[in-house]
Amino acid sequence: MSNTYFYDPAQGHGLPHDPFKAIVAPRVIGWISSRASNGVLNLAPYSFFGAFATFPPIIGFCSEGRKNSISNIEETGEFVWNLTSKALAPQMNRTSAPVAADVDEFALAGLTAAPGRSVAVPHVAESPAALECKLLQIVRLKTLDGTPMDNWLALGQVVGVHIREEFLKDGIFDTRAAQPVMRAGYRADYAQIGEMFQMVRPSA
């Protein structure tokens, strides 16, 4: 068996760069649209994102720092996740800029804000798919000793799904064609869908 490098995160990793985000990768980007109570639209990417249930479908993202998305969602109780395709990567990156709360990132990135069906929050019309969500809860994370962190987890139940028809093939969403962009390591590392394979779950 080969040797392993071990470290306790509380004591520091001792490496040129923290490997945590490179190990837990790739991660689908949480490209979240929200609307402030005053009507200003917000669109921002989050690298900590995931799906947590299917019946009903529940997704969530975590913000490092209490950013505008969390404040907006807390005020309105709604948000939308937008799939970031390879073609939309530059626009997604543009919406990561630390701009003022009164800046509309849809306009900033030159994207079309398509109206929601079940929520008052728009989605990115150019995105292959989008999930409209109603807020379930916002959780402020804590450390082992109970110390509150500046990390905020928003969980939402999916109440509407938008799929551009060109990404439906024989009734199946074509993930390869959608080419989702994922975070894959350090500050500037991203990945896209490469080789895919199928493996049937055993019945016993």
- Message: Quick check on my filter: what residues within the range 165-204 are under 17 Å from A87 (Cα atoms), more than 16 Å from the chain's Cα centre (by Cα) and basic (K, R)?
- Response: R176
- Message: Can you say whether P128 is surrounded by 15 or more Cβ atoms within 10 Å (Cβ to Cβ), at pLDDT 95 or above and under 16 Å from the mean Cα position of the chain (by Cα), as far as the supplied structure shows?
- Response: yes
- Among the strands (runs of 3 or more DSSP E) confined wholly to the range 1-110, which include 3 or more residues that are of a type in the set (S, T, Y) and closer than 30 Å to T147 by Cβ? none
- Just name the residue that is surrounded by the fewest Cβ atoms within 10 Å (Cβ to Cβ) out of those in the range 61-120 that are within 15 Å of the chain's Cα centre (by Cα) and among the aliphatic types (A, V, I, L, M). A89
- Could you run through the range 160-204 and say how many residues are among the aliphatic types (A, V, I, L, M) and exposed (fewer than 10 other Cβ atoms within 10 Å of the Cβ)? 6
- Item | Residue within the range 174-190 that is touching a His at 6+ places or on another chain (Cβ under 9 Å) and acidic (D, E) present | no
- Message: Just to check your reading of the model, which residue among D150, D145 is closer than 30 Å to A10 by Cβ, loosely packed, with under 12 Cβ neighbours inside 10 Å and touching a residue at least 40 places away in the same chain (Cβ under 8 Å)?
- Response: D150
- Note on the structure: Residues of the range 17-40 being more than 20 Å from S85 (Cβ to Cβ) and touching a residue at least 12 places away in the same chain (Cβ under 8 Å), in sequence order, are H17, K21, A22, S34, R35, A36, S37, V40
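The values are calculated or read from the model by the stated rules, or taken from the named source; none is laboratory data. Quick caveat, the model's predicted, so the values are computed rather than measured. Positions of Cβ are backbone-derived with ideal geometry, glycine not excepted, and every protein chain shown enters the neighbour counts.
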